[in-house]
């Protein structure tokens, strides 16, 4: 249940705090006073979207927060709406939360019935989903949904497989041509750069070999350097006999001559080129790669990737039939399981329909309908899955729609054919009451009494009051007959102060309640008399 609701800077609401109690909480007020904004605030707080235009003019954000009691524990929800961006922030307890977390929490907090709900009640899809909420065993429904998800995934894979195969089959000849051209050359990743590097290294090796050859020629060709140094050594020895200082020079020349002789030996042994290099093979390979690049108009790296992609696509085409057969088998297995689940679901839906029809008829009689009122769930086959690859017929489920007969002597007809606004209001009230649980979600009735009056209004009021004994109810109404049943009565009013219009919500007591009931009854002596009779328990 909601204990406290606070709204700030929303539409005409400046700062509003309401303390709701157990039982029946009624909100009344003139049309346009802002009652709907209070309900909109509660819906926004529990997950619905809200347009940023509803942030009060001149304010940065609107804030809605509430204290709920859930399973005996306090739960605080807060949600903010930024005027500039339209983005909202959600807080559950002290922490930020997602809309998904709030959506999962909402069914435990609120059940909301409104005139919009009446229109949804006329939709076949809503009627079918409605019955599923009353299944005694929801396992077949869960199994059906699981199998449909798996089948949807398998069907998606089959369609994607077929689409890709069809696209590649159109290009198969071209792909095979490209694959053959690439396979003939069989380029490797980084091969061209490696070959260019090897060619450059070979050129440097050749230059070095030529330099060594020239050095050897210098030593061995005429005039021979070694012979010249021998002559120089001999003459310096002769000079040293007379001038001892030249003896050391003679020895240095001799040492240098011996060193050059060692150099000559090593020059003769030096290879003329780097081992394992083949300039002709390198050039031939580079030419092949260049031709392939020109033919395919791609870089070598792109060609290597293209080759891998083409090979994968050709392998895919070769394996496509096997993959499709595998998926067809999986689809057939799931489809057979789904057929069994649909049969089981049909049985539990019919059982639920029998129970729900009886419960609804009993409540509708207490809401002023004829004792002969009948609610019938008519089951119509509706296709749920058509196999894509498996050779099986389409699968259908028995989907419920609501027929009813409000008066004797009439054939059952769909709700949208014969139900008036007042009848829909009472029908929705009956459904809500069946969904309510003692101590469960708060029930919000937003002008659900539209289109009814007279004795029917009394029946509705008595039923709502009885329902409020086990469930907290927030009721927005324009009828004094319903407002007089409130455990807490709030009046929504519009005020103007300093040129600013604001919505206020006052909790009424004593004479103020009588005054509001009188206003709702038309005012004057007639209104006062009706208010007096309602408060005294009169008709």
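Quick one: which of 494-507, 382-395, 142-155 comes out on top by average Cβ neighbours within 10 Å, and what's the full order, highest first?
Descending mean neighbour count gives 142-155, 382-395, 494-507.
Can you give me the Rg/Rh ratio for the stretch 129-207, using Cα atoms for both radii and the Kirkwood formula for Rh? It would help to have the intermediate numbers written out before the result.
Working: Rg = 29.2 Å, Rh = 19.0 Å.
Over the Cα atoms of the stretch 129-207, Rg/Rh equals 1.54.
The stretch 25-81 and the stretch 227-243 have their alpha-carbon centroids 118 Å apart.
Sorted from longest to shortest, the spans of the Cα atoms of the stretch 153-327 along the three principal axes equal 112, 30, 20 Å. Spin-label pair residue 216-residue 91: with each label point 7 Å from Cα along the Cα-Cβ axis, the two points sit 9.1 nm from one another.
What ranking do 334-343, 208-217 get when scored by the average of other Cβ atoms within 10 Å per residue, highest first? If you can, show how the numbers build up before the last one.
Details: 334-343: 17.9, 208-217: 13.1.
So the peptides 334-343, 208-217, ranked by packing, come out 334-343, 208-217.
Taking only the C-alpha atoms of the stretch 362-419, Rg followed by Dmax gives 17.4, 55 Å. Compared with the dominant Cα axis of the chain, that is its longest principal axis, helix 139-170 is turned about 40°. Helix-derived [θ] at 222 nm for the chain: sum -39500 (n - 2.57) over DSSP H runs of at least 4, divide by residue count, nearest 500? Dividing the helical sum by the residues of the chain leaves -19000 deg cm²/dmol. A viscosity of 1.306 mPa s and a temperature of 10 °C, combined with the Kirkwood radius over Cα pairs in Stokes-Einstein, give a translational diffusion coefficient for the stretch 42-175 of 81 µm²/s. Axis angle, to the nearest 10 degrees, between helix 279-296 and the longest C-alpha principal axis of the chain: 30 degrees.
Please work out the FRET efficiency for the pair residue 372 and residue 470, using the Cβ-Cβ distance as r and a Förster radius of 35 Å; give the result to the nearest 0.05.
About 0.75, to the nearest 0.05.
What FRET efficiency comes out for the pair residue 152/residue 321, r = Cβ-Cβ distance, R0 = 30 Å, nearest 0.05?
Numbers: r = 23 Å, r/R0 = 0.77.
Calculated value: 0.85.
Between residue 358 and residue 380, the modelled label-to-label distance comes to 2.8 nm, taking each label 7 Å out from Cα in the direction of the beta carbon.
Which length gain, in nm to one decimal place, applies between residue 532 and residue 235 when the Cα-Cα distance is subtracted from 0.36 nm times their residue separation? Let's see the in-between values first.
Details: separation 297, 0.36 × 297 = 106.92 nm, distance 15.28 nm.
Stretched out fully, the residue 532 to residue 235 stretch lengthens by 91.6 nm.
Computed from Cα positions, the angle between helix 225-242 and the longest principal axis of the chain comes to roughly 60 degrees. With the convex hull drawn over the C-alpha atoms of the stretch 338-496, the volume per residue is 185 Å³. Computed over the stretch 27-97, the quotient of the alpha carbon radius of gyration and 2.2 N^0.38 Å is 1.21.
The orientation-averaged projection of the convex hull spanning the C-alpha atoms of the chain amounts to 53.0 square nanometres. Stretched out straight at 0.36 nm per residue, the stretch from residue 138 to residue 391 would grow longer than its current Cα-Cα span by 88.1 nm. Across the alpha-carbon set of the stretch 197-273, the Rg to Rh ratio works out to 1.22, Rh being the Kirkwood radius.
Counting other beta carbons within 10 Å of each residue's own, what order do 404, 479 fall into, fewest first? Could you put the intermediate results ahead of the total?
Numbers: 404 24, 479 21.
Fewest-to-most ranking of 404, 479: 479, 404.
FYI, it's all coordinate maths here, none of it is from the lab. Worth saying up front: this structure is predicted, and the values here are computed from it rather than measured. Positions of Cβ are generated from backbone atoms using ideal geometry, with glycine treated the same way; all protein chains shown enter the neighbour counts.
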